[in-house]
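Contents: one structure, followed by commentary.
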Amino acid sequence: MRRAGLGEGAPQGNYVASGYSVYEEENEHLQEGLRAKVNALKHLSIDIGNEVKHQNKMLGEMDTDFDSTGGLLGATMGRLKLLSRGSQTKIYCYMLLFALFVFVILYWVIKLR
């Protein structure tokens, strides 16, 4: 079987004339392109990994913050329940004092203008 000058009657070692070097150069060129794409994908995946680690760290910090805020809100709700269980006169007294305080401050602000 004869292929592009290889085989019977062709001079041995004459691969340049057979087109072998053209295919080899094309393969080298394609290899370089593939190598560049693989390298870009490698860097992209490393960057994605770093970003995921950073985001995971931030989520952990947010989880801690939300836990502490939840504890604070739970304690505040407990105090409000205690306050609501107490006598109603205390609540009315506190509300009256607060309203009086607000009116005094408003009167003072308006008077100074």
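Each reported figure results from applying straightforward, stated rules to the coordinates on display, with no laboratory input. Note that the structure is predicted; figures quoted are calculated from it, not measured. Because the Cβ atoms are built from the backbone with ideal geometry, glycine has one as well, and the counts that use them run over all protein chains shown.
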> Taking a label point 7 Å from the Cα of Met62 along the Cα→Cβ vector, which residues of region 28-53 have an amide N closer than 17 Å to it?
Replying inline: 51-53
> Alpha carbon centre of region 18-48 versus region 66-104: separation in Å?
Replying inline: 70
